[in-house]
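Asker: My questions will all concern the structure given below.
The values are calculated or read from the model by the stated rules, or taken from the named source; none is laboratory data. Since this is a predicted model, take the numbers as computed values, not measurements. As a convention, Cβ positions derive from the backbone with ideal geometry for all residues, glycine included, and neighbour counts pool all protein chains shown. Side chains are part of the model used for accessible areas, which takes the heavy atoms of the whole protein and leaves out ligands, DNA and RNA. Shrake-Rupley method; radii C 1.70, N 1.55, O 1.52, S 1.80 Å.
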Amino acid sequence: MCGIVGYIGTKHAYPILIKGLERLEYRGYDSAGVAMISESGGLNVYKAKGKVSDLKAFCEEKDTTGCAGIAHTRWATHGEPNSTNAHPHFSASGRLALIHNGIIENYITLKEKLVSRGIQFRSATDSEVLVQLVEYIMQSNGIELLEAVQVALHQVIGAYAIAILDREHPDTIICARQSSPLVVGLGNDEAFYLASDASPIAEYTDKVVYLNDGDIAVLQLGQELKVVNMDNETQTPNVKQIDVTLGQLEKGGYPYFMLKEIFEQPSCLRDCMRGRINVDADRITLSAVIDYREKLVNARRIIIVACGTSWHAGLIGKQLFESLCRIPVSVEYASEFRYRDPVIYPDDVVIAISQSGETADTLAAIELARKAGAFVFGVCNAIGASIPRQTTTGVYIHVGPEIGVASTKAFTGQVTVLSMLALCIANERRTIHGDQYKEMVKELTQIPAKMELALKTNEQIERLAPIFTYAKNCLYLGRGYNYPVALEGALKLKEISYIHAEGYPAAEMKHGPIALIDSEMPVFVIATRDRLYEKVISNIQEVRARGGRVTALVTEGDTQIQKFADHIITLPDTMDCFQPLIASIPLQLLAYHIAVCKGKDVDRPRNLAKSVTVE
Ligand code: F6R
């Protein structure tokens, strides 16, 4: 959702804040703003509708001096995207500036109370209520900022990561978190950095503190980091070392992060497997499985909770766990699960899958599962995020920061981790034969090289893409392990090219969607040579018979499908269960090139945000 950046130190704050916003722009980009305490002691706040580049242009002739500041890139929840609703928001007197990520659920009640006491609001946001409330409490009780923040937060219901700058105390930033992420970076020169995730901090320091829910941090120049809670009890900050290289945060010569991330999948998956699959490629070791063997091996059932692309990875996980481990699995949209009254047994294993580790719905589903006494396991990418901290154990996918809003490498990383997990548990449960286990582990290690071959389809796909830019609707068909690949291919196209697309199990098409098929409808079929191959050929013929235009993903050496398809894209062969790792690549490339042909901003698709920290 929104991105937060802060800096207090001895350097010029503005360039650090702007660079930080650029790194966080994937979180939201409908407006941006910055507040700094200038050299002359004034509190300068500049805001602009649009992207960070618009804010930069707006600030060109302005006073951007000062060594302390906060900045924000917004993804609107309350109030349309414009410069008034952009953050930072001021207090009534203009003394305080505040940035906020999250949603204040009781903001109407709080606002009415403040309005009745004569405070005038400028924006339509829920966030402004925080800064007005804090100043009102300071003034009416004659107390300092920290105490006023503590009193104010006791009255607030909702999710927040906030940072406040006080004109009267230019050496201090106060920040707080509840259900929205916030990271403090500890600079070598006594400076403090602040951000929604570690990416804007990584180039300055590798020492960070991930704030916990309820933490209020005081970043005061020349002082140690002070963390307290709302009741002013001191909390001990847990300093962590981060390991993010600058190269991981930059485009590395690619026009978009999405393309870079598609192309880095082979090396990401090697990283994901490194240290987990041994050199002889005959054994997988996951420490979480060693530490919690009994829980995992004796699971009565697995419930997977996730959203979006991570949910699609979960659908593949279901097939893996059921077929290899013989454990029944249900895959739930976290957003639905949390509001149902689901049956959860204490001997259930709940697997939460999330790239960002901050998705509000997935976090809420985890809480529900924990309350029901289930064992909760996380599959996450962002190190130190809320989900890995709120699950009992888990496995990081280790694919490096994913910045493109449309998820690509996280999906294949999640499928790889789920494959390793299913193989480990199946081996422990003895539900697969030792030879089959070894053969599958070996094949998994071959996947990065096969992905490299699949990436060679890029030029062909780039040539094909213009044909599909006219389409208003597209259908993606697949069966078995390739059905979730069809869903994921359709989601990628929708997200970045704004073409309506549906993923469907190929055999279900005749129960309805077949009515949509005509010569205007591109149909993408994943028809790799697996146990459902012959059936998929029949489905392709059903499409052809109705004038549909078929582009088929086929296995190298296939000679049958070209007779029925308008276009074929050839992929290396692999086992059925690993096919999603290969077949998703051309579909990612297809969505990417169609969006580029249509002139869309691939890394910043409209209305989307990378990390959905509101429900
Ligand atoms: C799609 C996409 C989203 C996310 C979803 C869950 O490309 O990125 O659908 O997959 O918002 O996010 P995480 O995995 O961070 O929980």
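Asker: Regarding the stretch 336-349, can at least one residue be identified that is in contact with a Ser or Thr (Cβ under 9 Å, 6 or more places away or on another chain), open to solvent by less than 10 Å² (accessible area, probe 1.4 Å) and either of a type in the set (S, T, N, Q) or more than 16 Å from the ligand (Cβ to nearest atom) (or both)?
Answerer: The answer is no, given that none of the residues of the stretch 336-349 is in contact with a Ser or Thr (Cβ under 9 Å, 6 or more places away or on another chain), open to solvent by less than 10 Å² (accessible area, probe 1.4 Å) and either of a type in the set (S, T, N, Q) or more than 16 Å from the ligand (Cβ to nearest atom) (or both).
Asker: Right, here's the next one. Would a scan of the stretch 139-152 turn up a residue that is closer than 20 Å to H87 by Cα, assigned by TED's automatic domain parsing to the domain that holds E39, open to solvent by 10 Å² or more (accessible area, probe 1.4 Å) and of a type in the set (V, I, T)? Write out each step before concluding.
Answerer: So in the stretch 139-152, the residues closer than 20 Å to H87 by Cα come out as 145, 149, 152.
With the extra rule that they be assigned by TED's automatic domain parsing to the domain that holds E39, the set shrinks to 145, 149, 152.
Retained after the next criterion (residues that are open to solvent by 10 Å² or more (accessible area, probe 1.4 Å)): 145.
If we keep only those that are of a type in the set (V, I, T) as well, we get none.
For the stretch 139-152, residues closer than 20 Å to H87 by Cα, assigned by TED's automatic domain parsing to the domain that holds E39, open to solvent by 10 Å² or more (accessible area, probe 1.4 Å) and of a type in the set (V, I, T): absent.
Asker: Do the conditions hold for A159, that is, is it in a strand (DSSP E or B), surrounded by fewer than 24 Cβ atoms within 10 Å (Cβ to Cβ) and under 21 Å from the mean Cα position of the chain (by Cα)?
Answerer: Yes, satisfied.
Asker: Pull up the stretch 316-329, narrow it to residues that are in contact with a strand residue (DSSP E or B) (Cβ under 7 Å, 6 or more places away or on another chain) and open to solvent by 30 Å² or more (accessible area, probe 1.4 Å), then point me to the one that is nearest to the ligand (Cβ to nearest atom).
Answerer: Initially, the stretch 316-329 is screened for residues in contact with a strand residue (DSSP E or B) (Cβ under 7 Å, 6 or more places away or on another chain), giving 317-318, 321-322, 327-329.
Add one more test, that the residue is open to solvent by 30 Å² or more (accessible area, probe 1.4 Å), and what stays is 318, 322, 328.
On the way: K318: 17, E322: 22, P328: 24 Å.
Residue satisfying both the conditions and the ranking: K318.
Asker: Could you check, for the stretch 57-79, whether at least one of its residues is more than 20 Å from A148 (Cα to Cα), of a type in the set (S, T, Y) and modelled with pLDDT under 95?
Answerer: Yes, the stretch 57-79 contains at least one residue that is more than 20 Å from A148 (Cα to Cα), of a type in the set (S, T, Y) and modelled with pLDDT under 95.
Asker: Starting from residues that are touching a Cys at 6+ places or on another chain (Cβ under 7 Å) and within 7 Å of the ligand (Cβ to nearest atom), keep the ones in the stretch 358-368 and report whichever is most open to solvent (accessible area, probe 1.4 Å). Talk me through it step by step, then tell me what you get.
Answerer: Of all residues in the stretch 358-368, those touching a Cys at 6+ places or on another chain (Cβ under 7 Å) come to 359, 361-362.
The next check asks that each one be within 7 Å of the ligand (Cβ to nearest atom); those that pass are 359, 362.
Values: T359: 21, T362: 1 Å².
Among those residues, the one meeting the criterion is T359.
Asker: Name the single residue, out of those in the stretch 400-442 being touching a residue at least 24 places away in the same chain (Cβ under 8 Å), part of a helix (DSSP H, G or I) and open to solvent by 20 Å² or more (accessible area, probe 1.4 Å), that is nearest to L21 (Cα to Cα).
Answerer: K442
Asker: Next question, about the same structure. So, T445, is that one assigned to a loop (DSSP other than H, G, I, E, B), surrounded by fewer than 24 Cβ atoms within 10 Å (Cβ to Cβ) and more than 13 Å from the ligand (Cβ to nearest atom) or not? Write out each step before concluding.
Answerer: Numbers: assigned to a loop (DSSP other than H, G, I, E, B): no; surrounded by fewer than 24 Cβ atoms within 10 Å (Cβ to Cβ): yes; more than 13 Å from the ligand (Cβ to nearest atom): yes.
No; evaluated as a whole, the condition is false for this residue.
Asker: Taking A281 as meeting all but one of (1) within 15 Å of the ligand (Cβ to nearest atom); (2) part of a loop (DSSP other than H, G, I, E, B), write down the number of the exception.
Answerer: Single failed check for A281: (1).
Asker: Okay, next question. Taking A352 as meeting all but one of (1) open to solvent by 20 Å² or more (accessible area, probe 1.4 Å); (2) within 15 Å of the ligand (Cβ to nearest atom); (3) not β-branched (V, I, T), write down the number of the exception.
Answerer: (1)
Asker: Condition first: at negative phi and surrounded by fewer than 20 Cβ atoms within 10 Å (Cβ to Cβ). Now tell me which residues in the stretch 173-191 satisfy that.
Answerer: G187, N188, D189
Asker: Output the residues belonging to the stretch 240-267 that are surrounded by fewer than 15 Cβ atoms within 10 Å (Cβ to Cβ) and either within 19 Å of A591 (Cβ to Cβ) or in contact with a His (Cβ under 7 Å, 6 or more places away or on another chain) (or both).
Answerer: Residue satisfying the conditions is P255 alone.
Asker: Could you tell me which numbered condition R270 fails, if it satisfies all but one of (1) more than 16 Å from the ligand (Cβ to nearest atom); (2) buried (at least 22 other Cβ atoms within 10 Å of the Cβ)?
Answerer: It fails just one condition, (2).
Asker: Next question. Tell me which residues, restricted to the stretch 284-302, are surrounded by 17 or more Cβ atoms within 10 Å (Cβ to Cβ) and either small (G, A, S) or within 16 Å of the ligand (Cβ to nearest atom) (or both). Break it down into steps so the answer makes sense when it comes.
Answerer: Applying the first criterion (surrounded by 17 or more Cβ atoms within 10 Å (Cβ to Cβ)) to the stretch 284-302 yields 284, 286, 288-289, 292, 295-297, 299, 301-302.
The answer is A288, A299.
Yes/no matrix, rows are residues, columns are (1) small (G, A, S); (2) farther than 13 Å from I174 by Cβ; (3) open to solvent by less than 70 Å² (accessible area, probe 1.4 Å); (4) touching a helix residue (DSSP H, G or I) at 6+ places or on another chain (Cβ under 8 Å):
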| residue | (1), (2), (3), (4) |
| --- | --- |
| A195 | yes, yes, yes, yes |
| S199 | yes, yes, yes, yes |
| E203 | no, yes, yes, yes |
| D206 | no, yes, yes, no |
| L219 | no, no, yes, no |
| D231 | no, yes, no, yes |
| T234 | no, yes, no, no |
